[in-house]
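Read-outs: derived from the displayed coordinates by stated rules, not from any lab. Not measured: the values here are computed from a predicted model. Positions of Cβ are generated from backbone atoms using ideal geometry, with glycine treated the same way; all protein chains shown enter the neighbour counts.
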């Protein structure tokens, strides 16, 4: 796992890597309470909602690539949960 994140950190900017990790952690936590597919949709929704909130409130810098990388982290977590 360390090798995976090390290689990923060489490819992605730090901000995108953080969004990826947050998406991954979120799906693992949310899937404790629901099915992995529902958890995946929730994580994608959280990523989109966070960027929408940044845009509407001017409290952050909205970047839709952040939402995408949060979703990608969620999808990787989904695959880890489903493919065993």
Checklist line | Residue check for residue 72: in contact (Cβ under 8 Å) with a residue 40 or more places away in the chain, part of a helix (DSSP H, G or I) and buried (at least 17 other Cβ atoms within 10 Å of the Cβ) | finding: yes
Margin query: Consider segment 16-40. How many of its residues are in contact with a helix residue (DSSP H, G or I) (Cβ under 7 Å, 6 or more places away or on another chain) and under 20 Å from residue 66 (Cα atoms)?
Written below: 14
